[in-house]
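The values are calculated or read from the model by the stated rules, or taken from the named source; none is laboratory data. Please read all numbers here as calculations on a predicted model, not as lab measurements. Glycine gets a Cβ as well: all are built from the backbone with ideal geometry, and neighbour counts include every protein chain shown. We work out accessible area using only protein heavy atoms, side chains counted, and drop any ligands, DNA or RNA first. Shrake-Rupley method; radii C 1.70, N 1.55, O 1.52, S 1.80 Å.
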Amino acid sequence: MKNAPAAEQPNPTPAGATPVQPATGHEHPPDSPLSIHDMTVAYQRKPVLWDVDLDIPEGKLIGIVGPNGAGKSTLIKACLDLIPKASGLVSVYGKPYRRQRKLVGYVPQRESVDWDFPVSALDVVTMGRYGKIGWCMPVTRAHKQAAMTALDRVGIADLASRQISQLSGGQQQRVFLARALAQDARLYFMDEPFAAVDAATEKAIVAILQQLKTSGKTALVVHHDLHTVPEYFDWVIFLNMRVVAFGPTREVFTQENLHKTYGGKLTLLDQAAQALVIAERGGS
Amino acid sequence: MQWTHEIDTWIVVIGVLCSLSCALLGNFLVLQRMSMMGDAISHAVLPGLAVAFLITGSRSSVAMLTGAVIAGLLTTLFTQWVQGFGKVDRGAAMGVVFTSLFAIGLVLIVQAADSIDLDPNCVLYGAIELAPLDDTLFFGSRVPRAVPLLALVLLVNAAVVALFYKELKISSFDPALATALGINANAMHYLLMVLVAVTAVASFEMIGSILVIAMLIVPAAAAHLLTDRLGAMIAVSLVFGAASAALGHLAAITVPPLLFTGVQDTTTSGMMVVVAGVLFGTTVLLAPRHGAISKAWHRWAFSLRMLKEDALGLLYRFEELPSPPGPVSIVTMLCHAKRTGPLLARLAVIRLLAEGKLQRQRNGYTLTAAGRDQAAGLIRAHRLWESYLVDRIALPADHVHRTAEGLEHITTESLAQALYERTGHPATDPHGKAIPNPDHKQN
């Protein structure tokens, strides 16, 4: 039911007619942290992501940018099996995602949960360990300790026993980040971790991302602020229902790609950002 | 009132067992914003029961519970289908599914009413008063038939919650992360719904399907207002549930004779929910963090603090005048300047006197050294804000006083310092008044 028949696809592509099996010619490297093979995702038969085919390099920070409705969150959720794929395969370090869950950390959007839930910051971070603890096993002190260390890394260990609605937006975002750190993964998906956070939190998140990178981990981060893309990310995925461009930031972060991705949707503010970025690149 | 040990004690035991089972599961329904799903399931199990009866011809617990589990699962499944394919929201989907199933169940029961003792009235309102009469032999002693069954259901619920505590917690809080970690949030959802269905069936002969919903939701909702940890919430909800049952029965046999002559007692299940409702209402008023009374108290305490600070600020400004007027009748001034009642203004002044920040003179009040210190900090914050708003946000100088008046009360010393840096260390505010400097305020 969920597979959109090829005939109905508004914008057929060579690969559109052959679901599931990778149809493109290029070889996927066997041990890439994340390989997405010809993934298409549809909501109610309306495709929202088309033919995404990517190999993410190891040890890089990768920004995912694109206008609203470009499918940025959808890309992450489909990779994590949170929403069904119409077609395509996702492999993590060379094996299907389902067998590699323990290697993958996830930072959902902050609005996705109820912050009135009766748990402390430490409780939430400890949830990051649940995959390691296993079904029906109790949370041991070692796991609490690991959660505490993660809270300390994001700089809010002193707020461990606060109920989560008593935290500021930036602190809540740090709790989510700490939870992902507690997962102790090798590949991280982060859905807008920088959305509506204070400057101090933004700095803290950037520092954590750099630490992850230096320890050889890989992070895919949905990002909105075009200003900071060249500063924060080594690679960029330009997304607008399909992958417009993908590569090292200094190669693909160009006016042309920004235009192709955002088209008429690029607001004045974004255009200013773009101008700034172009100017900076020209100067260096 | 007349307390018969064989009857009333058993009624309370049965009521407590029902309400503990319900309240335990209710926590997760409330936290998943699925209170209505409890409603849906407890109604929709009816056709399951009817069909189970029609097939087996008996009212044995096993048949009834099996029917309930199947009906509960179907309700969950149908709701998801209707929601997915019908493109309607969850509430509407539940409304369609559970009313339809309930109606089918009602039709089946009425059809078969001649041959069975499954009475629609009893299904709706319960018959806890009659439960002690239907007894059975259990380990050599006669106990009401309902007690072992309800105890077993409570035990199963408690065991499942204890065993899957962390899975239920994460699936309720963040189903997406649960799924990403390999904890199937959807499976936990079905498990919870099965337990709700079983509990509803076991309980509704006692307290009726409508009141089952109340016992599922009300204790947990009240506990949510009072606690900020899941464990504590569950504990409080259990206490509320048990208290509702025990006090409910007590009220049922004591209250009506007080109100009406010639009336013996009223329905226990009804009174249980009334008590639960009263407990909830009291919680809403009294809860420390979310309660209406505590909110009003905090608002009042905040306005008193603002008024005290305003009094200090007013006196400071008087002292600044070229020819200070000397002692000031500050209560009148406050009433006039801040449009507040004389009572609150007087209280503010009394507090300031007690804190040693004001001094009473023959015809009014003056600041003490401590009072002047605090006032200088406030005036500093006020004037720095004015400078900031004019310099940085380019508001006209005659429009910033009111904003600064509000902001001065919530400005910490470090924030004032940051404003000081940001506005380029001004000596005076946009209106030319001196900004008190912390380095000189001891002079």
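Quick notes
- Carbon and sulfur %, accessible surface of segment B:377-443 computed with the full protein complex present, 1.4 Å: 52
- Looking at the protein assembly as shown, the DSSP beta bridges with both ends there are about 65 percent antiparallel.
- The protein assembly as shown shape via C-alpha gyration tensor axes, a/c threshold 1.5: oblate
- Comparing B:Ile293, B:Ile55, B:Ile14 in a Gaussian network model of chain B, where Cα atoms under 10 Å apart are tied by springs, the biggest mean-square fluctuation is seen for B:Ile55.
- Simple label model, 7 Å out from Cα along Cβ direction - A:Lys132 to B:Arg59, nm: 5.5
- The residues of the protein assembly as shown present an accessible area of 46 Å² per residue when probed at 1.4 Å with all protein chains retained.
- Net +/- balance of residues flanking B:Lys308 in space, Cβ distance below 9 Å, scoring K and R +1, D and E -1: 0
- From the alpha carbon centroid of segment B:361-438 to that of segment B:175-216 is 57 Å.
- Of all accessible heavy-atom area on segment A:194-233, the percent that carbon and sulfur account for (1.4 Å): 57
- 3J(HN,Hα) couplings calculated from phi for segment A:67-81 with the Karplus curve 6.51 cos²θ - 1.76 cosθ + 1.60 (θ = phi - 60°) are, in sequence order, x, 4, x, 7, x, 5, 5, 4, 4, 5, 5, 5, 4, 8, 6 Hz; Gly and Pro show x.
- Flagged links, alpha-carbon separation over 22 Å, of A:Lys46/A:Lys95; A:Lys144/B:Lys166; A:Lys102/A:Lys203; A:Lys217/A:Lys260; A:Lys60/A:Lys260; A:Lys77/A:Lys217: A:Lys46/A:Lys95; A:Lys102/A:Lys203; A:Lys217/A:Lys260; A:Lys60/A:Lys260
- For segment A:126-278, the relative contact order is 17 percent, taking Cα pairs closer than 8 Å that sit 6 or more residues apart in sequence and dividing their mean separation by the residue count.
- Rolling a 1.4 Å probe over the protein chains gives B:Glu309 an accessible area of about 20 Å².
- The modelled label-to-label distance for the pair B:Thr412/A:Gln44, using points 7 Å beyond Cα in the direction of Cβ, is 4.7 nm.
- Annotation for the A:B interface, with buried accessible surface near 2800 Å², both sides summed [1.4 Å probe; non-protein components not counted].
- Sites A:Thr140 and B:His425 - FRET efficiency at Förster radius 41 Å, r taken between beta-carbons, to 0.05: 0.15
- The order of the peptides B:90-101, A:123-134 by mean Cβ neighbours within 10 Å, most packed first, is A:123-134, B:90-101.
- Across segment B:377-443, C-alpha contacts under 8 Å between residues 6 or more apart give a mean separation that, scaled by the residue count, equals a relative contact order of 45 percent.
- Sequence-distant aspartates and glutamates (8 or more away, or on other chains) whose Cα lies within less than 13 Å of A:Lys85: A:Asp38, A:Asp51
- Among B:Leu225, B:Leu315, B:Leu31, residue whose mean-square fluctuation peaks in a GNM of chain B (springs only between Cα atoms under 10 Å): B:Leu315
- For segment A:103-137, a decrease in accessible area of 50 Å² or greater in the assembled protein chains relative to the isolated chain, with a 1.4 Å probe, applies to A:Asp114, A:Phe117, A:Pro118, A:Met127, A:Tyr130, A:Trp135, A:Cys136.
- Shielding by other protein chains, B:164-176, mean Cβ within 10 Å: 6
- Local net charge near A:Asp38, Cβ-Cβ under 14 Å (Lys/Arg +1, Asp/Glu -1): -2
- Applying 1/(1 + (r/R0)^6) with r as the Cβ-Cβ distance of A:Lys203 and B:Ala337 and R0 = 30 angstrom yields a FRET efficiency of 0.10.
- Spatially proximal lysines relative to B:Lys295 (Cα-Cα < 27 Å; intrachain offsets below 8 disregarded): B:Lys308, B:Lys338
- Estimated inter-spin distance, A:Glu58 and A:Ser168, nm [label 7 Å along Cα→Cβ]: 3.9
- C-alpha long axis of helix B:413-422 to longest principal axis of chain B, angle in °: 60
- Comparing the full protein assembly with the isolated chain, the residues of segment B:15-62 losing at least 30 square angstrom of accessible surface (1.4 Å probe) are B:Leu31, B:Arg33.
- Local electrostatic count, A:Glu58, Cβ distance below 13 Å [Lys/Arg +1, Asp/Glu -1]: +1
- Mean residue ellipticity (222 nm) of chain B, computed from DSSP H runs ≥ 4 via -39,500 (n - 2.57), nearest 500: -23500 deg cm²/dmol
- Backbone N within segment A:157-189 under 15 Å of label point (7 Å from A:Ala196 Cα along the Cβ vector): A:165-174
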